[in-house]
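The values are calculated or read from the model by the stated rules, or taken from the named source; none is laboratory data. Here the structure is a predicted model, which is why all the values come from computation and not from measurement. Reconstructed Cβ throughout: ideal geometry from the backbone, glycine too, with neighbour counts over all protein chains shown.
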Amino acid sequence: MEVQWLLVCHGLVTLLVLVSFLCGNWPIFQGTFIQRIHFFLTFGAYDYFRRFIHFVCGSRGSNALNSVEYYFCDRPNPILQVHPFVYQPSLV
C-alpha cells in the first residue's frame, strides 16, 4: 500500500514540475509559487551551480564551466545538423 502512495506523490511532483517548467511564465501564474519554481528551474539552479563552482574551484572552475557552456551551447553542432538528413535523405 505504501508503494501506491509513493507513486501518487511522485506523479504529483512530476506534474507540478512539468507545469511549472512549461507554463510558469504565463500571466496567470505571476506571483505564485509556480512562477518561482519556473524561475528556479530555468535560471536559478544553473546560477547557484555556477556560484558553487566558483566558490569551490575559483576562477579556473568558472572559466572551465564557461568554456564547456560555449562548446556545447553557443557553437553550431554539426552532429545535430546531420541528424535530419540521415532519416530523411530526400531533403539533401
Is there any pair linking a residue in the stretch 37-66 that is at negative phi to one that is among the small types (Gly, Ala, Ser) and part of a helix (DSSP H, G or I), with Cβ under 6 Å and at least six apart or on different chains, and which? ILE37/SER20; HIS38/SER20; ILE53/GLY61; HIS54/SER62
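Given the structure, is THR42 modelled with pLDDT of 95 or more and in a helix (DSSP H, G or I)?
Values: modelled with pLDDT of 95 or more: no; in a helix (DSSP H, G or I): yes.
No: the conditions fail for THR42.
Given the structure, is PHE49 more than 16 Å from GLU69 (Cβ to Cβ) and in a helix (DSSP H, G or I)?
On the way: more than 16 Å from GLU69 (Cβ to Cβ): no; in a helix (DSSP H, G or I): yes.
Here the answer is no, as PHE49 does not meet what is asked.
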Exception for VAL8 within (1) at pLDDT below 90; (2) among the hydrophobic types (A, V, I, L, M, F, W, C); (3) over 21 Å from the mean Cα position of the chain (by Cα) falls at (1)
Odd one out for PRO76 among (1) modelled with pLDDT of 90 or more; (2) in a loop (DSSP other than H, G, I, E, B): (1)
Selected residue (criterion: surrounded by the most Cβ atoms within 10 Å (Cβ to Cβ)) from residues of the stretch 17-34 that are within 15 Å of the chain's Cα centre (by Cα) and in a helix (DSSP H, G or I): SER20
